Each structure stands twice: as C-alpha cells, then as structure tokens.
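To start, the structure itself, in structure tokens.
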Amino acid sequence: MRTNFLATGLMSSAAIVCTVAAAQPALAQTKAFNLPAQPAAQGIPAFAAQAGVKIVASGRQTAGKRTRAVRGEMSVDRALDLLLQGTGLTARATGSQTYAVVPLDRVASAAPVKLALATEQALIAQDDVRSTAGGPAEAVADAGQEDIVVTANRREESVQDVASAVTAIGQAEIEKRGMDSFESFARSVPGLTMNQSVRNRAAFNIRGVSTNLTGSNTQDPVSVYINETPVSDTFGASVQPDLRLFDVERIEVLRGPQGTLFGSGSLGGTIRIITNKPDTSRFEAAGRVDLGTTEHGGMRQRYDAMVNIPLVDDTLAIRAVGYYRDEEGWVRNVTLGTRNDTVDWGARVALRWTPTSNLTVTATGIHQESDPEDGDSWNPALGKFRRSSAISEGRPLNLDNLNLTIDYDIDGFATLTSSSTYQSSKTAVRGDLGPLLGAGTPNFISDSDPWASRYYVQELRLVSNTRSRLEWVLGAFYINRRTDVDYLITAPGLDDFFGGIIGSDLYFASPITTKSSELAAYADGSYEIFDGLKIHAGARVFRTTADYIEDGRVALNFGTLAYDPPLFFANNSKGTNLTWRAGLSYQPDNDLLFYGNVSKGFRVGQVNANFGPSPVDPTDYVIPEGYDPDSTINYELGAKTSFLDNRLTVNIAAYHIAWSNIQIDGTRISDFRTFIANAGKAHITGVEAEINAKPVRGLNLYATATVQGGKIDSVPADIIVPAAEGDRLPGLAKLKLSGGAEYRWDLSRNYEAYVRVDGQYTGKTPNDFANSGLNPFYAINDDFTSIDASIGLDTAWGNVALYGENLTDNDAIILKTLSSPNPYNTLRPRTFGIRLTYRH
C-alpha cells in the first residue's frame with residue numbers, strides 16, 4: 001500500500017522522504033531515541049519518525065549501508081551524527097525541519113545555499129510529498145525507478161550497483177501484478193525459463209543451462225532459496241517448493257553460475273524468495289481476496305492474511321502469514337472423472353528479537369500443503385483438455401521449513417550471521433506409464449508413496465561492515481540430505497494377461513534411500529583500486545558425498561516370467577571440488593556501471609539406480625553404474641545505466657557459457673528405465689537486456705529481451721549417450737521477450753486509479769535432445785504469447801483491481817512430453833477476476 005511505503009523500509013530510487021509534524025524547530029529540541037543498528041533503508045526513516053523531521057537521502061547513496069544504534073536523550077543534530085557514523089555519509093540542515101544526507105567527500109564543495117537547493121530539487125523530482133492522516137509521508141510513484149536493495153553478494157546493495165546480472169522484483173511490483181507463484185514471474189525475467197508438467201514440480205533453466213524439462217534424476221541446474229535456505233533436493237527431486245508470494249519483500253534472480261556464494265546446483269543461476277521480517281516498531285495487518293473464473297474451468301479462489309505485532313516495543317515482534325487456495329481446473333480425466341483442481345494452504349510465522357543494538361535473532365517457520373486432484377497434461381486424441389489415466393497423477397506436497405538466523409554486528413569490523421535450517425517434505429509420485437508391452441496389453445502404473453525428504457543446513461558467514469576500499473565475505477556451509485522412497489510399479493491385469501503364471505501384477509518394487517552431504521568454505525570480496533574501479537574475486541572449496549541404497553529390490557524378469565532374487569544394493573561417491581569467480585567493474589558515477597566477470601558453476605555426480613541390462617531386451621543399452629560431475633564457466637560483459645534522474649534505466653549483459661562433462665537424462669526404450677550419462681561439451685552464447693522508463697508523470701514502462709543460442713559441441717565415443725553433436729539444448733528459447741505499461745492518475749487526494757498491461761513471448765524450444773533423429777520422443781514446443789491486463793484503484797486502506805490473464809486465450813502446446821500417454825501442457829486458459837487488498 002502506498003501510504004505504508006516508508007514504514008516498510010522501501011525506497012524510491014530518487015529519494016527517501018520522511019516527514020512527521022513537529023511543534024518547534026528541530027535544532028532546539030532534545031529528543032528521546034531508541035533505534036537499533038539496522039540497514040540505512042530502515043534506519044533513516046525510523047530516525048525521521050522519532051525526531052519529527054524531514055530527511056532527503058539518495059537511495060543509491062544509502063544502499064548497502066547500515067546505521068548505528070542511537071539510544072537516549074540528545075539533540076537531533078547529535079543523534080543524526082551518531083546514526084551516520086561509519087557510513088561515509090553526513091547530514092546537513094537545509095531548513096528548520098529539513099536535512100539532506102550527502103557523502104562526506106562532497107560536503108566541502110557544497111555551500112549551504114547549494115545544498116538547500118539540491119534538497120529542494122530532490123523534493124521537486126518527487127513531484128509531490130503527501131501526508132496521510134496519522135501516517136507517514138510518501139513519495140508518489142513518479143520519482144524515478146524503485147531502487148531495490150538486494151543481497152546477491154551476501155551484503156546489502158542497490159541492484160544497480162551489483163556487478164553482475166541480477167533481476168529484482170520488489171513487493172510493490174509483486175502486488176501490482178498479482179504474482180502468486182513461480183509461474184507468475186518466471187516469464188518476465190530475462191534468461192529465465194520455467195517448465196512444469198505437473199503441479200509442484202517446476203523445472204527452471206537460466207541462460208539455457210538445462211538437459212531436462214520435467215525434472216531430472218540429476219541435481220537441478222538452478223538452485224532455489226527461501227531467505228537463507230536452499231529448498232531444492234540434490235538428486236531426483238520429485239517436488240520444487242513453490243512458496244505463495246503474499247507478503248514477500250522481493251524476488252531475486254541471479255543469472256549465471258553462483259557456485260562461490262550459493263554452492264553446488266547453481267550451475268545456471270539462483271532464484272531467491274525473500275520474505276518480509278517482523279517489524280518491532282509498529283502494528284501491521286493486511287488481507288487479500290482474489291476471486292477469478294477460468295474458461296473451460298471454474299472458480300479460482302485465493303485468500304491471504306498477515307498480521308505483525310510488536311510484543312515488546314523495538315525489541316520483540318511476531319509476524320504471521322496465512323493463505324488458502326481453492327482453484328478449479330480445466331483438464332478433465334475421462335477415465336476417473338477427476339480434474340486438475342487444486343487446494344493449497346499454508347502459513348509462515350516469524351519471531352524477531354533484538355535484545356541489544358548489535359544482536360538480532362529471527363526464528364521462522366513455514367508450512368505449506370498442496371493437494372492437486374489430477375495432472376495438468378492432456379491427450380489431444382481424447383479432445384481438447386481431456387486426459388486419461390488409471391490413476392490420478394496429481395503431485396501433492398507437504399512441506400515444513402524451520403530456520404533460526406542470528407545476526408551480530410561487531411562494530412567497526414563485520415556482521416556475523418548464523419543460519420540453521422531443518423526442512424522436511426513429503427509427496428507421492430504417481431503416473432500411468434501406458435502399455436509398455438504394446439497396444440492391448442495392461443497399463444503400467446507408478447505409485448511411489450510416500451516420497452519423503454529431509455535435510456539440515458548450517459551456514460556461518462562473516463561480512464565486513466565498515467566503509468573501506470576492501471569489502472569481504474567469509475563463510476562455512478554444511479548440508480545433509482536424505483530421501484526415502486517406496487518405489488512401486490504395478491500393471492493391473494498383468495498376471496491374467498500371462499495366464500496366471502506370474503502370481504502377481506507387481507512389476508517393480510524397492511525401498512530406496514539416497515543420502516548426500518556438502519561441506520564447504522568460501523571467501524569472496526572486492527577491492528577498489530581507485531575511485532570507481534574494483535576487482536572482484538571469490539572461491540569456494542567443498543567436499544561432497546552421495547549414497548544410494550536399495551534394500552531389497554524386486555523386479556519381474558520378462559524372459560522367465562518370474563521374479564529375480566531380491567537385490568540389495570548400495571553405492572556411494574565422494575569428491576572435492578573448487579568453484580570460483582573473478583571480475584572487474586568500473587563505476588564512474590552513480591548512474592553508470594560497467595563490469596566483466598568469469599565464474600564457475602558446479603553440479604555433483606551420483607550413481608545410476610537403474611544400472612545394468614534391460615530385463616525386457618538384453619540387447620538394449622546397458623546403463624552404467626554412475627556418472628561424473630559437470631561444470632559451467634560463464635564469461636560475461638555487462639553495463640547498468642541510469643539516465644534522466646533515474647527515470648530511465650538500461651541494463652545489458654552479453655555472455656558465453658562453456659559447459660563440460662554434461663549430465664544428460666536418458667530413457668532406455670525397451671523398459672523405460674531412466675539413467676544419467678556424461679555427454680561431452682556444449683556452449684551457449686547470448687545477450688540480455690532490461691529497460692525501465694518513466695517518461696512522463698504516471699506512466700511506467702518496462703521491457704526485457706533475451707537472444708541466445710546453444711548446442712552440443714561434442715560427445716564421448718566410448719559410451720552411448722542420448723545426444724549427438726549439434727543437438728540444440730532442451731528448453732533453450734532463441735528469443736524471449738516481455739514488457740508492460742502502467743498509467744496512474746489521481747482521482748482525489750486519497751484515491752489513485754491505474755491501468756496496466758503485461759505481455760510475454762517465449763520462442764520455440766526443443767523438448768529433449770534430438771540425438772540425430774534417433775530420439776522417438778523428440779519434438780519442438782510451440783512458441784507462445786501471454787497477455788495480462790488490470791485496472792484498479794489505490795486508496796488509503798488498500799487496493800481493488802479487476803484483471804484478466806491470458807487475454808487471447810492462447811492454447812499453444814508449451815510442453816510436449818511424448819513419452820507420456822497425456823503428452824501436452826498448455827497455459828491456463830483465459831481468466832478474469834477481481835482482487836481486493838486491505839492494509840492497516
């Protein structure tokens with residue numbers, strides 16, 4: 001909500017303006033202050049509120065800085081000096097109630113009259129400063145681009161000051177566009193593609209680094225974090241936790257390998273969901289109701305609520321979020337009578353304690369449950385949006401995530417952070433594999449339930465917090481994962497089909513346990529050689545272990561029509577590896593940043609569960625026992641630019657990725673057993689661009705573009721792999737575009753109307769490797785366009801909006817999984833709705 005803009009600590013990129021009425025000149029007053037050490041983005045507005053003054057501070061200057069604790073009674077001038085000590089900033093009075101925050105090195109050349117004029121110009125750039133009854137002042141949306149502070153380098157920085165390709169989506173944009181899940185933001189981020197053949201299992205690729213579009217037995221090439229915690233499993237992840245995006249501070253998409261700071265699995269990049277933290281200074285509450293209707297389907301109901309309660313002023317607070325989804329589907333199972341309806345619900349609870357100005361303890365708990373009735377894919381032979389399966393193929397999810405983060409500021413040195421996490425998830429993997437023995441034979445049914453994972457994560461991190469030419473990060477990281485699966489495949493009617501000689505319809509059953517661990521130490525930093533020119537370097541050394549255990553596999557041998565003796569199998573792997581990054585950046589002023597980086601990403605190797613010959617056709621491919629690690633090296637040049645008082649930003653990055661020892665998923669034709677093989681080398685080359693503009697008052701424009709290409713360069717000659725030289729990489733879109741426009745206008749002092757439209761285009765993509773025409777399941781996914789629009793009203797209490805999604809009702813086949821009896825996935829059909837948001 002716009003009237004809560006400053007209280008939530010968000011800044012416009014042009015200025016932070018904090019206003020509270022005062023009864024007498026600020027310079028003559030003694031005030032009582034009680035402010036902890038905190039990011040400047042929160043510290044300066046909090047100070048202004050307690051002092052009863054107006055402060056203008058450039059968001060670019062304050063990004064990444066922390067203000068000191070200020071406690072006790074003192075003059076405003078004295079308190080402001082203490083607040084800004086060590087930040088490289090100072091404050092100068094430009095009036096009886098007005099201050100300007102400027103860099104220390106500019107004070108000598110800024111005469112009082114010029115400083116006052118600069119302050120006035122900054123206020124004019126905001127177009128207006130409005131005070132709401134009983135609330136803080138706010139800057140209107142015309143004040144340049146929103147300057148989002150990110151922690152992509154494990155320290156707070158403006159996204160425009162990060163010397164790498166990072167896209168950040170702030171809370172205001174998330175709410176305006178009604179973003180609710182991975183799918184709602186992935187298509188608008190350059191270089192990022194998401195495929196989802198079944199609910200709760202998104203498969204991401206960044207910059208085309210992908211070998212599988214439906215989830216793989218390997219480690220995913222993109223790591224997903226919620227706050228401080230990686231939430232993706234290491235091997236054969238059956239689910240990808242998809243957090244509802246209500247009361248989320250921001251989304252960060254870090255493009256390119258992130259192995260130094262985010263570990264293995266960040267082969268192509270990292271996605272981070274950062275939730276809002278408890279606020280110890282004030283009470284907050286919010287609620288949202290979103291009701292929609294989908295063509296070919298039914299009602300979509302979404303309900304959200306949040307409350308923030310200070311339990312002890314400025315010391316202890318609790319923040320609780322709850323959400324519920326009841327969404328009727330549009331794909332009907334003609335065999336079972338089910339539909340791809342889904343019911344989701346969840347909660348997040350966070351408790352923040354600041355017993356001293358230097359110590360902050362935050363405990364967070366997340367619980368989410370999702371229960372899709374059936375799958376989203378369909379079979380065109382049965383009619384549009386019709387599917388058939390003998391078992392419901394919905395992918396349920398039950399997720400618990402518990403985290404304890406402790407931050408301790410060591411004055412004049414660094415901030416020490418400890419993050420401890422426990423996560424558990426449970427799902428069931430069900431699927432109708434079809435008649436594997438040919439037409440007219442029984443369908444094979446996979447029903448692996450439960451599929452349970454749990455892991456522990458501990459990270460210690462030390463981040464320098466002084467203003468110096470040298471900035472550094474040191475850290476240690478440990479994760480221990482375990483997954484237990486009751487893997488089961490049956491074929492109802494199989495025994496009868498063979499005249500009753502088998503004695504059972506069981507085809508395959510095995511209790512499977514996988515374990516993995518990663519122990520790492522890392523160091524990263526930058527050094528400013530002279531003003532604006534920095535060198536960047538970092539390295540991470542880590543040791544990984546992986547174990548695979550089958551405690552009694554039972555499998556039917558079709559050669560003898562009898563069960564082979566139970567197999568007890570265990571295998572393990574260990575390895576020590578190094579990832580690194582290096583770069584150079586030059587920032588001649590606050591509006592220009594040029595950089596060049598080289599970085600390495602890494603993905604660990606494992607064993608093949610289905611190794612050995614085919615029980616159906618012994619002459620078919622013999623699956624090897626294991627596969628080796630693979631890695632990427634990313635070469636990148638980029639520029640981040642701002643013009644016209646930050647009303648226009650243009651960011652461009654060009655990259656070349658060399659991918660070696662690629663881990664590729666294969667499927668053996670005779671028995672549909674999956675396996676992993678190392679398939680040689682590949683390359684990807686591309687360019688990304690992001691443009692944001694505010695050409696006139698009330699009009700906001702944005703556009704993104706990705707142009708890229710990538711293919712297999714070589715494959716090994718000593719083994720058979722399901723790819724060939726020259727194959728285009730699966731999921732790689734040669735062209736990806738997004739853009740939008742929003743126009744806002746005042747209806748009255750407390751009411752603002754807006755209309756906006758957003759669109760995305762994704763070009764055609766391969767669904768798999770062609771393997772020189774030998775892959776019978778190879779196809780090209782359709783290109784597609786999606787257009788959304790909304791019209792709404794912002795008020796002092798919240799927002800109401802009418803919206804439409806997929807307005808053209810685009811039904812392109814965005815994912816073709818030809819190995820499945822229900823091979824097609826499409827966008828959600830055209831949906832109209834109303835969204836009502838309340839904030840207190």
Original post:
Does Gly538 satisfy the condition of being closer than 30 Å to Ser599 by Cβ and touching a strand residue (DSSP E or B) at 6+ places or on another chain (Cβ under 9 Å)?
Top reply: yes
Across (1) at pLDDT 90 or above; (2) of a type in the set (Val, Ile, Thr); (3) within 26 Å of Ala812 (Cβ to Cβ), Ile226 clears everything bar (3)
Across (1) in contact with an Asp or Glu (Cβ under 6 Å, 6 or more places away or on another chain); (2) assigned to a strand (DSSP E or B), Ile787 clears everything bar (1)
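Mind telling me which of the residues Ser631, Ser585 ends up being within 23 Å of Asp665 (Cβ to Cβ), in a strand (DSSP E or B) and at pLDDT 85 or above?
On the way: Ser585 fails: within 23 Å of Asp665 (Cβ to Cβ).
Being within 23 Å of Asp665 (Cβ to Cβ), in a strand (DSSP E or B) and at pLDDT 85 or above holds for just one of Ser631, Ser585, which is Ser631.
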Over region 588-604, the set of residues free of Cβ contacts under 8 Å to residues at least 60 places away in the same chain and either within 26 Å of the chain's Cα centre (by Cα) or part of a loop (DSSP other than H, G, I, E, B) (or both) is Asp591, Phe594, Gly596, Val598
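So which residues in region 252-294 are among the small types (Gly, Ala, Ser) and in contact with a helix residue (DSSP H, G or I) (Cβ under 8 Å, 6 or more places away or on another chain), if there are any at all? Steps first, please.
To start, the set of residues in region 252-294 that are among the small types (Gly, Ala, Ser) comprises 256, 259, 263-266, 268-269, 281, 285-287, 292.
Once the filter is applied, which keeps residues that are among the small types (Gly, Ala, Ser) and in contact with a helix residue (DSSP H, G or I) (Cβ under 8 Å, 6 or more places away or on another chain), region 252-294 yields Ser266, Ser281.
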Inset, instruction - Return yes or no: is Gly833 out of contact with any Asp or Glu (no Cβ under 9 Å at 6 or more places or on another chain) and either crowded, with 20+ Cβ neighbours inside 10 Å or farther than 28 Å from Leu735 by Cβ (or both)? - result: no
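Any residue that is under 21 Å from Val198 (Cα atoms), more than 27 Å from the chain's Cα centre (by Cα) and part of a strand (DSSP E or B) - is there at least one of those in region 403-412? Full working, then the answer.
Applying the first criterion (under 21 Å from Val198 (Cα atoms)) to region 403-412 yields none.
There is no residue in region 403-412 that is under 21 Å from Val198 (Cα atoms), more than 27 Å from the chain's Cα centre (by Cα) and part of a strand (DSSP E or B).
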Pairs returned, first residue in region 698-717 that is part of a strand (DSSP E or B), second residue that is modelled with pLDDT of 95 or more and of a type in the set (Phe, Trp, Tyr), beta-carbon separation under 7 angstrom, 6 or more apart or interchain, are Leu699/Tyr743
The number of residues in region 772-823 that are more than 22 Å from Arg300 (Cβ to Cβ), buried (at least 20 other Cβ atoms within 10 Å of the Cβ) and of a type in the set (D, E, K, R) is 2
With criteria (1) touching a Ser or Thr at 6+ places or on another chain (Cβ under 9 Å); (2) of a type in the set (Gly, Ala, Ser); (3) within 30 Å of Glu625 (Cα to Cα), Ala733 comes up short on (3)
Among strands (runs of 3 or more DSSP E) completely within region 152-242, the ones holding 3 or more residues that are in contact with a Gly (Cβ under 6 Å, 6 or more places away or on another chain) and outside the structural domain of Ile791 (by TED's automatic domain parsing) are 203-206
Within region 416-473, the count of residues that are among the polar types (S, T, N, Q), closer than 23 Å to Ala491 by Cβ and not in a strand (DSSP E or B) comes to 2
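Do we have any residue at all in region 324-335 that's touching a strand residue (DSSP E or B) at 6+ places or on another chain (Cβ under 9 Å), in a strand (DSSP E or B) and hydroxyl-bearing (Ser, Thr, Tyr)?
Applying the first criterion (touching a strand residue (DSSP E or B) at 6+ places or on another chain (Cβ under 9 Å)) to region 324-335 yields 324-335.
Among the residues that remain, those that are also in a strand (DSSP E or B) are: 324-327, 332-333.
Add one more test, that the residue is hydroxyl-bearing (Ser, Thr, Tyr), and what stays is 324.
Within region 324-335 (the criterion being touching a strand residue (DSSP E or B) at 6+ places or on another chain (Cβ under 9 Å), in a strand (DSSP E or B) and hydroxyl-bearing (Ser, Thr, Tyr)), the answer is yes, since at least one residue qualifies.
For every residue, the table says whether it meets (1) farther than 25 Å from Asp665 by Cβ; (2) surrounded by 16 or more Cβ atoms within 10 Å (Cβ to Cβ).
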| site | (1), (2) |
| --- | --- |
| Ala723 | no, yes |
| Pro730 | no, yes |
| Ala733 | no, yes |
| Lys736 | no, yes |
| Gly740 | yes, yes |
| Asn750 | yes, no |
If we keep only residues of region 336-349 that are in a strand (DSSP E or B) and among the charged types (D, E, K, R), then the residue surrounded by the fewest Cβ atoms within 10 Å (Cβ to Cβ) is Arg339
Subset of region 204-229, residues surrounded by fewer than 24 Cβ atoms within 10 Å (Cβ to Cβ), in contact (Cβ under 8 Å) with a residue 40 or more places away in the chain and either of a type in the set (A, V, I, L, M, F, W, C) or on the phi > 0 side of the Ramachandran plot (or both), comes to Val224, Ile226, Asn227
Checking Ile502, Ile489 in turn, the sole residue that is in contact (Cβ under 8 Å) with a residue 40 or more places away in the chain and outside any strand (DSSP E or B) turns out to be Ile502
**Request:** Would you be able to say whether some residue in region 259-270 is in contact with a strand residue (DSSP E or B) (Cβ under 7 Å, 6 or more places away or on another chain), closer than 22 Å to Ala202 by Cα and surrounded by fewer than 23 Cβ atoms within 10 Å (Cβ to Cβ)?
**Result:** no
When Glu518 is run through (1) under 39 Å from the mean Cα position of the chain (by Cα); (2) buried (at least 16 other Cβ atoms within 10 Å of the Cβ); (3) over 24 Å from Val334 (Cβ atoms); (4) at pLDDT 95 or above, the failure sits at (4)
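One line per residue, one yes/no per condition, for (1) at positive phi; (2) assigned to a loop (DSSP other than H, G, I, E, B); (3) buried (at least 19 other Cβ atoms within 10 Å of the Cβ); (4) modelled with pLDDT of 50 or more:
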| position | (1), (2), (3), (4) |
| --- | --- |
| Leu10 | no, yes, yes, no |
| Ala14 | no, yes, yes, no |
| Gln24 | no, yes, no, no |
| Ala41 | no, no, yes, yes |
| Tyr99 | no, no, yes, yes |
Within region 364-423, of all residues that are of a type in the set (Phe, Trp, Tyr) and at pLDDT 95 or above, the one surrounded by the most Cβ atoms within 10 Å (Cβ to Cβ) is Trp378
Ile719 vs (1) aliphatic (A, V, I, L, M); (2) exposed (fewer than 15 other Cβ atoms within 10 Å of the Cβ); (3) under 30 Å from Phe643 (Cα atoms): all pass except (3)
For region 228-245 the number of residues that are under 16 Å from Ile274 (Cβ atoms), of a type outside the set (D, E, K, R) and more than 10 Å from the chain's Cα centre (by Cα) is 5
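The values are calculated or read from the model by the stated rules, or taken from the named source; none is laboratory data. Predicted, not measured: the structure shown is a model, and the values here were computed from it. Don't worry about glycine lacking a Cβ; one is built from the backbone with ideal geometry, like all the others, and counts go over all protein chains shown.
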